[in-house]
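J.: Mind looking over this structure? Questions follow.
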Amino acid sequence: MAAKIIKSKQAVLGLFIILIVLLTAVFAPLIATNDPQEIDPRLKFKGSEALYPLGTDQLGRCVFSRLIYGARYSLGISLPTMLVVAVLSIFLGTFSAFYGGIVDRVFSIICDIFMSFPPLLVVLSLIGALGQGIANIVIAVVFSVWVWYAKVVRSFVILEKKKGYVMAAVLSGCSDMQVIVKHIVPNILPSLIVYFSTGVAGMILMISGFSFLGLGLESGVPEWGAMLSNGKAYIYSYPNLIIYPGLFILLTAGGFNLFGEALRDIVSPKEV
Amino acid sequence: MKKIFLSFITVMLVLVLAAGCANNEVDPSSTGDKSREITVCENWGFEDGFHTIFTPSKNSNLGLGFYLINFYDTLVKIENGQIVPGLAESWSISGDGLVYTFNLKKNIKFSDGSDLNAAVVKRNLEMIPVILDDHNGSFGLVTTLFQQIVDVDEHTVEVHLTSPYYAALYDFATPMPMSIMAASAYTENNSLSEKLKTATLGTGPYMFESKADNLYSFVINPYYSGPKPDVEKFNVRVIPDNEAKALALRSGEVDLIFGFEKIGYGRFDEFAKDLDYNAKTSDAAIRTRLLGFNMAEQPVDDIRVRQSIAYALNKQELCDGLLYGIDGKADTALSQTLPYCDVDIEPYEFNLTKANSLLEEAGWVDNDGDGVREKNGQKLKLEFLYMTGSTTTDDIVLGIKSALEKIGMEIKVSGLELLAYYAETQQSKYTITYKETYGLPYDPFVFFGNMDSEYMVDNVLVQGFIHMENGNQLIRELTGMVNPQEIRDRYELILKELHDNVSFVPIAEMKELAVYNAEKIADYTFFGLTSNLNIAGIRLK
């Protein structure tokens, strides 16, 4: 698998971008030239200079430093959210599909109910009820999207449980838990990893989108979507304020997409 | 033959579909003489009709209030903070303050052709409390004090009050609900006529013409007796999003964006730099941006902490930097240009040394060098609550947070939606909060009334005066005063107390904003009640 990834130019490029963003997030305090939240009205809309490589925004904050710290928020929210979604959807999707019958039917009805509400509506309501904060935005996003992933996991498990090796495991006396944990999940995991890794890009865009709408994060937080939202009032006079965060979102989402798609090509059987 | 028949059927089907998809409605803005016609934009439509008596329980939005002056008149008006004639050419008040006599102008007609007379005014004034119902008093106290309305003769109306009210004339000048409608606006059952859904029945310069999609059109009222306005027709296009409004102005779809809430300071500044547009601010201040405190909460229960906050804010820098020089620095919670509010006080000028020494005097010292002061093991931490929805508010709140952090305070900012914000503040779940005053005609009268802790209408204001043992009495006595000097003295007493106690920290005096297409509109004159859109105040090129 690792050798195949190294051979794939697309995967290497995607991984390279992801690594850069990850390193930026980890070493943000060393890279940033200023405190990203330091406000100085006297410095507003300053042009590029050594201390402010990308200038300043409407509050005199260093745009470069905010972009660097922004990586922490984009990855720091989207990766844990995706992880929670993955664990939840694998757990629920697998058990529902494996046991089938009434359990699966009830699960499908619950899924249909959740899927009938647009994720934005669910997030809007939950953020309204729970209030601002990173933990609340993670809860709201997990609540709104888990069902879409759980349905996919369920489909994978339904296909898998009909296969001979699962029958063999059952006939050889394995318990349900053993069949699920030791046989089914390891076999569907590569496909799921691919599926979830492409989902990270969507998650980054989703979090940025919610921040753009002013949902979830406190004002002043250097999140790229929020920066884009703040910059839109100055689209004609200071377009850089929306171009920079837009590029960072594009780059990061693109990196995860490239890597995920490459992984899918590697894992999927080649068409003849 | 079969092929020809099939082809015919296909062509017919396509034609029928094309006809079905076509938009048959004619956009009124696309017809007629365009040179005297302008289009403005608004967040919402006029689905509730065009009457003047709105209530939060019966109507989905009260925004028509900002347009009423174009269709209706009140008995008196406010100009530069003073009461001037409206439909009444003169008025007198009895010595005991209980009887207001209005002498109506003659030869005034409503847009339905009917005459203005004392009977119509009497009908309007009698109907306002009935239709307002539970909300009677929400838009001014005077309607709760009506004892009797008498039409003395065809052009004279007497309003008898149950008790005197010093701000009654300002209430009479409030377009919603005190604008006078034609008699046909009411039914025999004492309710509003259905006619008002599709008609304006006033004496103002304009009247409703038509609606097509998201465009409402208004034309000159043929019975209007005042000078003919420059604009012969205006359209209100519904564009909910502010970015879309700005783009619509740039594309020529609209000619004017009016109101600070629809433009935003950043965008206003952008248009001001563009020669194709004119960006105008009102001379008069419309509201005051201020900080309020929860007086029961530590550490702001200590006056020295509140004073240090007042001294720590460089208001001029905040106004020039974050508010683009549009707002002026505020030294008093209620603008000194408001009635009775011109009181001499010594402002708390920016002084970091004083701010720091006051905190030290109060026992707040940064012992561990982390930049945050402590006292008895507790950090100097403040919950800063504000209402979200405006980028300008976000910016000013962050600017204040940054300034307070410089004197060793730790500020946790919480932005909440309107309803959540009111719920939290009413339950005193905050330490400091950002607030704006109500603006004319509600300031200073409603502002003062809402400081009464018994009614608890606005807890942020209540907190400002809660320290005064006889505070509620001082406010209530004011309501019934008739002697102007006595009223001024009471205002001076209360305003000085608010200032000395640092009940509020005033920051900036807001201005109303208008941005318009410089090729089409030469100038805009703000109305006396500045936040009302004054189409007759537009001068075309």
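The values are calculated or read from the model by the stated rules, or taken from the named source; none is laboratory data. Because the structure is predicted, anything quoted here is derived from the model rather than measured. Using ideal geometry, Cβ is built from the backbone for each residue, glycine included, and neighbour counts are taken over all protein chains shown. The protein model used for the area step is the full one, side chains on, heavy atoms only, and it has no ligands, DNA or RNA in it. Shrake-Rupley method; radii C 1.70, N 1.55, O 1.52, S 1.80 Å.
J.: Can you tell me the dipole magnitude for chain B around its Cα centre, using point charges on the Cβ only (Lys, Arg +1; Asp, Glu -1), in Debye to the nearest 20?
T.: Around 1580 debye, computed over chain B.
J.: Let me ask something else about it. Each label point is 7 Å from the Cα along the Cα-to-Cβ direction; what then is the distance between the points at B:Lys381 and B:Arg476, in nm?
T.: 4.1
J.: Let me ask you something else. What is the magnitude of the charge dipole of the stretch A:76-247 about its Cα centre, with +1 placed on the Cβ of each Lys and Arg, -1 on the Cβ of each Asp and Glu, and no other charges, expressed in debye to the nearest 20?
T.: Charge dipole of the stretch A:76-247: 420 debye, to the nearest 20.
J.: Using the charge dipole of chain B (Lys, Arg: +1 at Cβ; Asp, Glu: -1 at Cβ; taken about the Cα centre), state which of B:Tyr422, B:Ile128, B:Val40 has its Cα farthest towards the positive end.
T.: B:Val40
J.: Going by accessible area, probe 1.4 Å, with all protein chains left in place, what is the ranking of B:Ser57, B:Ser335, largest first?
T.: Values: B:Ser57 90, B:Ser335 10 Å².
Largest to smallest exposure gives the sequence B:Ser57, B:Ser335.
J.: Which residue fluctuates most in the GNM of chain A (Cα springs below 10 Å): A:Gly76, A:Gly101, A:Gly231?
T.: A:Gly101
J.: Between B:Asn107 and B:Asn367, what is the spin-label point distance in nm, taking each point 7 Å from the Cα along the Cα→C-beta axis?
T.: 8.4
J.: Okay, helix-only estimate at 222 nm for the protein assembly as shown: each DSSP H run of n ≥ 4 adds -39500 (n - 2.57), divide by all residues, round to 500 deg cm²/dmol; what do you get?
T.: That comes out to -13500 deg cm²/dmol.
J.: Let's test the formula: R0 of 41 Å, r as the Cβ-Cβ distance of A:Ala168 and A:Ser116. What FRET efficiency results, to the nearest 0.05?
T.: Step by step, r from the Cβ atoms, then E = 0.55.
J.: Using modelled amide H (1.01 Å from N, peptide plane; none on Pro or chain starts), what sits under 5 Å from the amide H of B:Val413, excluding residues fewer than 5 places away?
T.: HN-HN under 5 Å from B:Val413: B:Phe384.
J.: Right, next: Rounded, prolate or oblate, given the Cα gyration tensor of chain B, with a/c below 1.5 counting as rounded?
T.: Here chain B falls in the oblate category.
J.: For B:Gln485 and B:Ser163, FRET efficiency with R0 = 30 Å and r from the beta-carbon atoms, rounded to 0.05?
T.: With a Förster radius of 30 Å, E is 0.90.
J.: Normalised by the residues of chain A, what does the relative contact order come to in percent, with Cα pairs under 8 Å and at least six apart?
T.: 25
J.: OK, next. State whether the stretch B:56-190 is rounded, prolate or oblate according to the following rule on the C-alpha gyration tensor (a ≥ b ≥ c being the square roots of its eigenvalues): a/c under 1.5 gives rounded; otherwise a/b larger than b/c gives prolate, and the remaining case gives oblate.
T.: rounded
J.: For B:Phe146 and B:Glu492 in the same chain, what is the full-extension length gain: residue separation times 0.36 nm, less their Cα-Cα distance, in nm?
T.: 121.7 nm
J.: Name the most mobile residue of A:Ser125, A:Ser78, A:Ser116, meaning the one with the largest mean-square fluctuation, in a Gaussian network model of chain A with Cα contacts below 10 Å.
T.: Residue with maximal mean-square fluctuation among A:Ser125, A:Ser78, A:Ser116: A:Ser116.
J.: Which Cα, out of A:Asn230, A:Leu79, A:Gly164, lies furthest along the positive dipole direction of the stretch A:76-247 (beta carbon charges, K/R +1, D/E -1)?
T.: A:Gly164
J.: Could you check the simple spin-label distance between A:Gln10 and B:Asp274, using points 7 Å along Cα→Cβ, in nm with one decimal?
T.: For the pair A:Gln10/B:Asp274, the computed spacing is 4.2 nm.
J.: May I pose another question? How large is the dipole of the protein assembly as shown about the Cα centre if only Lys and Arg carry +1 and Asp and Glu carry -1, each at its Cβ, rounded to the nearest 20 debye?
T.: Roughly 4140 debye, rounded to the nearest 20.
J.: Near A:Phe156, within a Cβ-to-Cβ distance under 15 Å, what is the net charge of the other residues, with Lys and Arg +1 and Asp and Glu -1?
T.: Overall, the nearby charge balance is +4.
J.: Hydropathy first: keep DSSP H helices in chain B averaging at least 0.5 on Kyte-Doolittle, then drop any whose Cα extent along the axis falls short of 27 Å, and list what survives.
T.: B:2-21
J.: Given a 1.4 Å probe and heavy atoms of the protein chains only, how would you sort B:Asp458, A:Asp265, B:Asp366, largest accessible area at the top? Write out the running numbers ahead of the final one.
T.: Values: B:Asp458 10, A:Asp265 90, B:Asp366 55 Å².
Reading off the accessible areas and sorting them downward yields A:Asp265, B:Asp366, B:Asp458.
J.: Oh, and also: Keeping every protein chain in place, order A:Met177, B:Met451, B:Met207 by accessible area at 1.4 Å, biggest value first, i.e. largest first.
T.: Numbers: A:Met177 110, B:Met451 0, B:Met207 45 Å².
Sorted by accessible area, descending: A:Met177, B:Met207, B:Met451.
J.: Just how far, in whole angstrom, is the stretch B:362-435 from the stretch B:161-218 if you go by their alpha carbon centroids?
T.: A separation of 43 Å, based on Cα centres.
J.: By how many degrees, 0 to 90 and rounded to 10, does the Cα axis of helix A:63-99 deviate from the longest principal axis of chain A?
T.: The helix A:63-99 is inclined about 10 degrees to chain A.
J.: Please report the net charge: other residues with Cβ closer than 12 Å to the Cβ of B:Asn221, K and R +1, D and E -1.
T.: Value of the local net charge: -1.
J.: I would also like to ask the following. For B:Ser453 and B:Ser57, FRET efficiency with R0 = 30 Å and r from the beta-carbon atoms, rounded to 0.05?
T.: After rounding to 0.05, the efficiency reads 0.75.
J.: Right, another one. Calculate, in nm to one decimal, what B:Thr525 and B:Glu417 gain on full extension: separation in residues at 0.36 nm each, minus their alpha carbon distance.
T.: Between B:Thr525 and B:Glu417, full extension yields 35.6 nm more.
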